[in-house]
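**Student:** Structure incoming, see below.
The values are calculated or read from the model by the stated rules, or taken from the named source; none is laboratory data. Remember, it's a predicted structure, so these values are computed and weren't measured experimentally. Here the Cβ positions follow ideal geometry from the backbone for every residue, glycine too, while neighbour counts run over all protein chains shown.
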Amino acid sequence: MDNSLDVSHFPFVHDGWLGDRNYTEVEDYEVKVDKDSLTMGKYQFHASKFNNNTQDNSRVTSYSMSHPLCQYCSTEASEIRIVDLMTITPIDEDNSVLRYLIMWKDSKTLDSKTLESKILAKFDQTIEEDIRILHSQQPTRLPLLAPKQINTQWFPHEVHVPSDRCTVAYRRWLKELGVTYGVC
């Protein structure tokens, strides 16, 4: 879940779908956290167009979580709106099952079968790209504590920048909720 909130990697890892290497700056966005939810306000980014009938390739996305393992995401562009619900079910502390419910409304129609095929292929591609990153991360479990409280060989100089606002808020929320499973 943490990885899906890390918007700074989108232009580099998901170039053309969730980001654009030519537009890597993360514009300011707002994050609100309370004991029952985390909400990331409207985050604007550039990505490829769904069809060639439009000049605009900017999108606006917002996230909301009412549970640490359940995320609602709404993305709007000039030609389409995509809403997805992502849930994660832990199998053990290192493995989980990810499920997506994806809905969309297209105002500048590609035929529905082509659009469905394109959207599902992009979601599959995104998951495959993220899995490669997640399998290479150290430590493998999500760190919630300050670096001095854990094995500092993994992040002796961890620095957070404004684009990390949502992931930092998510990790703090998990800590406040007392989450101990799958974290370090």
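**Student:** What are the pairs with Cβ atoms under 8 angstrom where one residue, in segment 155-184, is surrounded by 11 or more Cβ atoms within 10 Å (Cβ to Cβ) and the other, located anywhere, is at pLDDT below 90 and among the basic types (K, R)? Sequence gap at least six, or different chains.
**Tutor:** Within 8 Å, the pairs are E176/K35; L177/K35; G182/R141; V183/R141; C184/R141.
**Student:** Does V33 satisfy being part of a loop (DSSP other than H, G, I, E, B) and either within 20 Å of D84 (Cβ to Cβ) or in contact (Cβ under 8 Å) with a residue 12 or more places away in the chain (or both)?
**Tutor:** no
**Student:** If you scan segment 1-17, which residues turn out to be assigned to a loop (DSSP other than H, G, I, E, B) and farther than 25 Å from P143 by Cα?
**Tutor:** G16, W17
**Student:** A further question follows. Taking segment 1-30 as the search range and keeping residues that are touching a Pro at 6+ places or on another chain (Cβ under 7 Å) and free of Cβ contacts under 8 Å to residues at least 24 places away in the same chain, which one is nearest to S66 (Cα to Cα)?
**Tutor:** Looking at the filtered set, the residue picked out is T24.
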